[in-house]
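Bear in mind these aren't lab numbers, they're just calculated from the coordinates by the rules spelled out. Please read these numbers as outputs of a predicted model, since none were measured by experiment. All Cβ positions, glycine included, derive from the backbone under ideal geometry; neighbour counts span all protein chains shown.
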Amino acid sequence: MVLVKHPLGYSSPVTIERLKMTTIDVTAATADATISGNEIVLLDFWASWCGPCRQFAPVYEAAAEAHPDLVFGSVNTETETALAAAAQVSSIPTLMVFKNGTLVFNQAGALPAQALEQVIARVRALDLGEAAVQEAAR
């Protein structure tokens with residue numbers, strides 16, 4: 001058991017196994033490769049001074065542990081201002097979810113755990129080909 005200090009300021013005891021399933025820091029230099037190189041990528045845009053970001057952080061970490069097959073990335077908007085601007089993030093926390101490189105979910109605000117699980121389930125079930133056909137029919 002080790003004590004880990006999260007970037008948002010809270011500490012928690014974790015096992016070595018848990019350390020293998022945490023979020024990754026995503027930067028302007030790594031964002032494109034992260035998004036295009038993985039089937040499903042969740043990106044949490046946050047800042048250390050943001051109360052709702054601190055509230056959402058443990059929910060996001062728990063989801064990352066529960067879904068080790070997905071990529072959970074964190075974007076610090078204080079240090080990655082260009083990336084946040086390119087993503088048109090105007091409020092934090094903002095959660096973006098990509099499937100096969102396509103943005104399929106984008107919402108500002110701290111999601112409760114159940115809502116985050118629903119987003120993950122819907123993204124897993126989403127057929128991008130079928131979604132494109134339906135969009136073209138409109």
Peptides 36-44, 86-94: what's the order by average Cβ count within 10 Å, highest mean first?
36-44, 86-94
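Arrange the peptides 58-65, 46-53, 27-34 so that the one whose residues have, on average, the most other Cβ atoms within 10 Å appears first.
Packing order, densest peptide first, comes out as 58-65, 46-53, 27-34.
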With N set to the number of residues, divide the alpha-carbon radius of gyration of the stretch 22-137 by 2.2 N^0.38 Å and report two decimals.
1.03
I need the calculated FRET efficiency for the pair Asp69 and Leu128, taking r as the beta carbon distance and R₀ as 22 Å, to the nearest 0.05.
0.80
